[in-house]
Amino acid sequence: MSSRYLIPLAVAAALATPLAAQAEQGDWLFRVGISQVNPEKENLDLGTAFVVVDDDISPTFNVSYFLTDHLSTELLAAWPFTHGIDLRPYAGGKERVGYVDLLPPTLSLNWHFNPNGTFRPYIGVGANYTILSGEETRGLLGGTSLKLDDSFGAAGQVGVDIGQGNWFFNANVRYLQVESDAELDGADIGTVDVNPWVYGVHVGYKFGKPAPVPVAAPEPAPAAAPPPPPPPPPAPADADGDGVTDDLDKCPGTPAGTKVDKVGCPLEQTLKLLFDFDSAELRPESITELERVVKFMGDVPFAKTMVEGHTDSVGADAYNMSLSDRRAKAVFDYLSSRGVDPARMSSVGKGETAPIADNATAEGRQENRRVMLIRTDSGM
């Protein structure tokens, strides 16, 4: 953005904002807007042609903190600028040969000349660390590899804040020292002198330090002592002693010593569902147990669970792993069909890897043909 646009904008803002947004020690200024980066006209001389980096506009914002009424620090950040790279032969003409992204975070120390006025100019000096990335080539350089190093250099700026109340308008011009060593297919081709002027316009807001505490007026003579307050109501009861009062407890009667969540439900509760041999069909008694889970998941909306499927040791390992996964999926699908959000559940098959009983007996194998629902949330 040319400076010929900044001056009329600054004058218009001054006419429209008769009251000042005064800045003082401890204040923060936040500004957001757009800036245009204008590099030097000829950035690298190759002997027969110039490399030229063109202009670009991108959103920018900065944050200032007032160390004193006149002195502030400022950090400038931006959305990356994408610059075209042109090759301009001595003989004339120009061809686009690539692109590069430029990100120039800049830290400055600014001096404000009129911090309590409506029209508040300032100057600043500092440093920038410019990150150059996303290099790509085309045209004459198509198929080659271009590398531009990051740059560290000085920075300077002039600007003005114009505002009403805490809101204000800002315009500034910066100069950044940006010099990047360039390589093409691994060979050094010289230093690209970008050294841009940066023109920006922003809208800002001031966050002031806390207002001073007013001096309290002298207290009147003490009045007669009021009657004593009524005794506090008795504390709510906790019948099962789990630390959650009965009015909040959604799982009353938990055994002593059980770890519970904020609504009194066990964190380590495990529900066992048994299956017939070589079957993933839910047994009737399992439906009764699962309906308790449906109610619990509705009463405790933050609860999450892992559905684990298990088998006995009869059969091949791979088949048992598949069977256990079908058993876990059968429970997962049932709970989903009853309105439990699938995002609050996960399922996994464990095969025969985690028995809880002896597989040498029929009773033990029955115990191992199961699905377990295990709480996985923190209970908070």
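Number of residues in segment 108-120 that are crowded, with 16+ Cβ neighbours inside 10 Å and either at positive phi or outside any loop (DSSP other than H, G, I, E, B) (or both): the value is 5.
For T288, the conditions (1) exposed (fewer than 12 other Cβ atoms within 10 Å of the Cβ); (2) in contact with a Gly (Cβ under 9 Å, 6 or more places away or on another chain); (3) not in a loop (DSSP other than H, G, I, E, B) are fulfilled apart from (2).
Give me a count of the residues in segment 307-324 that are touching a strand residue (DSSP E or B) at 6+ places or on another chain (Cβ under 6 Å) and in a helix (DSSP H, G or I).
Of all residues in segment 307-324, those touching a strand residue (DSSP E or B) at 6+ places or on another chain (Cβ under 6 Å) come to 307-310, 321, 324.
Checking the rest, the ones that are also in a helix (DSSP H, G or I) come to 321, 324.
Matching residues across segment 307-324 total 2.
Look through segment 12-53, keep the residues that are surrounded by fewer than 20 Cβ atoms within 10 Å (Cβ to Cβ) and of a type in the set (S, T, Y), and return whichever of them is modelled with the lowest pLDDT. Result: T17.
Quick grid of which residues meet (1) crowded, with 20+ Cβ neighbours inside 10 Å; (2) without any contact (Cβ under 8 Å) to a residue 24 or more places away in the chain; (3) of a type outside the set (A, V, I, L, M):
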residue	(1), (2), (3)
T305	yes, no, yes
K329	no, no, yes
V340	yes, no, no
A343	no, yes, no
V348	no, no, no
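Just so you know, in segment 146-167 the residues that are at pLDDT 95 or above and not in a strand (DSSP E or B) include one that is farthest from A78 (Cα to Cα), and it is D149.
Can you confirm whether E281 is in contact (Cβ under 8 Å) with a residue 12 or more places away in the chain, closer than 21 Å to D377 by Cα, over 39 Å from the mean Cα position of the chain (by Cα) and surrounded by fewer than 20 Cβ atoms within 10 Å (Cβ to Cβ)? For E281, the condition - in contact (Cβ under 8 Å) with a residue 12 or more places away in the chain, closer than 21 Å to D377 by Cα, over 39 Å from the mean Cα position of the chain (by Cα) and surrounded by fewer than 20 Cβ atoms within 10 Å (Cβ to Cβ) - is not met. Taken together, T130, T144 contain a single residue that is hydroxyl-bearing (S, T, Y), open to solvent by less than 50 Å² (accessible area, probe 1.4 Å) and farther than 20 Å from V37 by Cα, which is T144. Among residues of segment 226-239 being modelled with pLDDT under 85 and small (G, A, S), the one that is farthest from the chain's Cα centre (by Cα) is A239.
Report the residue count in segment 213-262 for those that are farther than 30 Å from V300 by Cα and open to solvent by less than 100 Å² (accessible area, probe 1.4 Å). Explain how you work it out, then say what you get.
The initial filter retains those residues of segment 213-262 that are farther than 30 Å from V300 by Cα, namely 213-232.
Retained after the next criterion (residues that are open to solvent by less than 100 Å² (accessible area, probe 1.4 Å)): 216-217, 221, 223-225.
Qualifying residue count, segment 213-262: 6.
Which residues, taken from segment 175-206, are of a type in the set (S, T, N, Q) and open to solvent by 40 Å² or more (accessible area, probe 1.4 Å)?
Applying the first criterion (of a type in the set (S, T, N, Q)) to segment 175-206 yields 177, 180, 191, 195.
Within segment 175-206, Q177, T191 qualify.
Here N172 clears all of (1) part of a strand (DSSP E or B); (2) surrounded by fewer than 15 Cβ atoms within 10 Å (Cβ to Cβ) except the condition numbered (2).
The values are calculated or read from the model by the stated rules, or taken from the named source; none is laboratory data. Everything quoted here is computed from the prediction, not taken from an experiment. All Cβ positions, even for glycine, are placed from backbone atoms using ideal geometry, and neighbour counts span all protein chains on display. For accessibility, only protein heavy atoms count, side chains too; no ligands or nucleic acids. Shrake-Rupley method; radii C 1.70, N 1.55, O 1.52, S 1.80 Å.
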